[in-house]
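Single-structure report; data block below.
The values are calculated or read from the model by the stated rules, or taken from the named source; none is laboratory data. Computed from a predicted structure; not experimentally measured. Heads up, the Cβs are rebuilt from the backbone with ideal geometry, glycines too, and the neighbour counts pull from every protein chain shown. What goes into the accessible areas is simple: the full protein's heavy atoms, side chains included, and nothing from ligands, DNA or RNA. Shrake-Rupley method; radii C 1.70, N 1.55, O 1.52, S 1.80 Å.
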Amino acid sequence: MDKNINVYWQKFDEKREKEEIQGEHRNWFVKLLTNRPFFVIHAFLYLCVNGFLIMIWLLSLRFTGLTYFWPFHSMFGWGFGLGFHMVSYVMYNDKSEYLIYVRQQSNYIMTFVYHAFFYISINLYLFLLNLIDLTFIWFTWTLGMWGIVFIYHAIGFFTWNKIFDNQWKKLRPKYQEYPKNKLKSKIKYKIGHFWLVLVHLTYFIVTFIIVNIFVFVGTGLGQVERLLIAEIFVNWGIYLALHAFGYLLFYHIEFIKSVFKGLILHVSIYAIFNGQQIYENSESKLYMNWLIYLMTLWAIVIIVHLIICIKWEKLVDKEQVRVKTNYDGTERKKIDLFWSGFSHEAISRKEINREEISQELTLFLEDDVRSIAKGIIIWKWSFISHVFIYIVSLIIIGINLAALGINLVLLIHPAMGWLIGVAAHGAIFYIIQKPIKGFFSYTAFLHLTVYIVTSIYLVILNVLFAPGTLWSLIAILGWGIGIGIHLILMFITIESREIKKEETPYLSKGVLFWKWSFIIHFFIYITCLVIIGISLAVGGENLLLLIHPAMGWLIGVAAHGAIYFSVQKPIKGFLSYTAFLHLIIYIVTCIYLVILNAIFAPEFPWSAIAIGGWGIGMGFHLLLAHLIKKED
């Protein structure tokens, strides 16, 4: 841990030197939104395109006579996006003192600015849309129902800091062993979940009042319909009570360990859901048989959950030892997370006691290792349970199909369809346990896993139900293009991270760009040739026609590869690298011409004339390059 602590302080010093005290190591999306040229271009395009649409509308009035102002749809639709862009640009570029203050607060406060913009602008759009036909004032439904969430968000916007400070004073003495950032997260979740329960309760009450007004004021509903509505509200009320119970259980009942709280909530959901299903479907024998299977399997999962809860501490301690051997707490996001536990003002005024903070940092790193261990255990046992349920369910389905005299071949659909989900679950567990880092790396692994299992499923379906047509090959190759690009992006990001460690990153970035752009180009070239070839074969066309796209495109691919080689080598001097590029294009083009000559006009060697004529220029280019290089 000592090594990690030193790295944290090193990164903090770098952070202070670069005056990045706000704690905003912005991701690419925020950087894009706050880029001034990009915002200006976006606004310019918005004005130009919508101005052009208005001009078309004005000109069309003369011919169509339709006065409906249709450009307002694009003005508002695009305007929502431009408004979001404008708010982000102003907020993150320090154009407003108030927005600077808002940005430095909790995400709950900051997101209210965006929420307010979308609430006002979208409801204004719906209001104007409703003005076209006033026979039914429908926009008020969106205004009112969305308004409930908006009002609660507004109340939280003005009271968040006060509520948070009160909770901090109340909980800090109880959780002194917590790192600051962890306690802050706990308080944020507690406040957020409390507001969610209030929003849920408000929607229940408002909907109950509205529905009852419609039911009892001249709707003509019969007794059966009214009982059905009452049943819906009873069920909703039960789940609302469960929601409130979950909040009280996790944030106000202290004597029960968190791991057992999850089990209690799990058992409660099991009892309520299955009790509801038995009450509503007790007269259906077929449904009840399947419900018994479901309840039994779910009960087994609850037993596994109970065993994990009992052995939780031992499991976490054991996993924690394994995690520590591969643990690296010096990732940028972990460093930012740690420093988020301290106010920006304290950091900017350099009110940092390194000895005290180092002790806090030790707690943070140990807690982080434990959190990773807990996550691995959860994914491990959820995956094991998933596999167990999958196997048992297939056996039960197979037995029922056999008992009903249904062909067992149909078992392939639940078996392979569900296996895709099981494989994805296992891939996520592997990603977390390994761990596989980097967005493109772990998404590529997950994507590849799903692709392989789905491809097997498609091949089986093809062989069983339509062996005469290899339609699965088309689907697999089409999807394979996306997989290939995803894997290429993964390797690009991996190599980019390595380049950042080098002494000459800018030169390396240039080589990386040409390398991977060439690989992508070559991959697309091969893929497209395969697709064109299959299309020609299916259409009964002569495959010799493939020579034109194959050789024509190959000239561009060869030129691309030559540029990459020139940059990597590197080949210096204008005449030298242009001569090399010229030579590559000359060779590939000559091969193309010879093939065309041999296939379509073998009686006359016209390609020799073109090759010889061009060869004179090629030789002159090489001679000049050699002479200049010799002079240098």
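See the values below:
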| read-out | value |
| --- | --- |
| Sparse-neighbourhood loop sites, GluC sites (Glu not before Pro) in the stretch 172-251 - DSSP loop, at most 11 other Cβ within 10 angstrom | Glu177 |
| Accessible surface ranking that places the most exposed of His413, His42 first, with a 1.4 angstrom probe | His413, His42 |
| Pair Trp290, Ile395: separation of 7 Å Cα→Cβ label points (nm) | 2.1 nm |
| Tyr442 - accessible surface, heavy atoms, 1.4 Å probe, Å² rounded to 10 | 90 Å² |
| In order through the stretch 95-101: 3J(HN,Hα) via Karplus (6.51 cos²θ - 1.76 cosθ + 1.60), integer Hz, x for Gly, Pro | 8, 9, 4, 5, 5, 5, 4 |
| Net length gained if the chain between Ala537 and Trp298 were fully extended (0.36 nm per residue, minus Cα distance) | 80.9 nm |
| Rounded to the nearest 10 Å², the accessible area of Asp367 at probe 1.4 Å | 40 Å² |
| Calculated volume of the Cα convex hull per residue in Å³ (choose from [x] 241; [y] 298; [z] 147), label | [y] |
| Sequence of His626, His73 from largest to smallest accessible area, 1.4 Å probe | His626, His73 |
| Simple spin-label estimate for Trp553 and Asn107 in nanometres, 7 Å along Cα-Cβ | 4.2 nm |
| Order of exposure, largest accessible area first, which applies to Arg172, Arg103, Arg62 with probe 1.4 Å | Arg62, Arg172, Arg103 |
| The chain: calculated mean residue ellipticity at 222 nm from DSSP helix runs of at least 4, using -39500 (n - 2.57) | -29000 deg cm²/dmol |
| Mean separation of Cα contacts under 8 Å (6+ apart) over length of the chain, as relative contact order % | 9 percent |
| nm² value of the averaged projected area, convex hull over the Cα atoms of the stretch 20-167 | 11.8 nm² |
| Gained length - Trp479 relative to Val224, 0.36 nm times residue gap less alpha-carbon distance | 86.8 nm |
| The stretch 166-241: trypsin sites (Lys or Arg not before Pro) in DSSP coil with no more than 13 other Cβ atoms inside 10 Å | Lys174 |
| Dipole axis of the chain (+1 Lys, Arg; -1 Asp, Glu on Cβ), positive-most option in Ala423, Val463, Phe214 | Ala423 |
| Inter-site label distance for Ile54 and Phe69 at 7 Å from Cα along Cβ, in nm | 0.9 nm |
| Carbon + sulfur, % of accessible area of the stretch 548-632 - ligands and nucleic acids excluded, 1.4 Å | 76 percent |
| Where the chain is the region considered: accessible area per residue in Å², 1.4 Å probe | 60 Å² |
| Candidates per trypsin sites (Lys or Arg not before Pro) in the stretch 273-314, loop by DSSP, up to 13 other Cβ within 10 Å | Lys311 |
| Out-of-range pairs (alpha-carbon distance over 19 Å; input Lys569/Lys629; Lys261/Lys311; Lys257/Lys374; Lys182/Lys374) | none |
| Alpha carbon Rg of the stretch 131-229, scaled by the compact-globule rule 2.2 N^0.38 Å | 1.65 |
| Efficiency of FRET from Cβ geometry, Ala116 and Asn93, R₀ 22 Å, rounded to 0.05 | 0.65 |
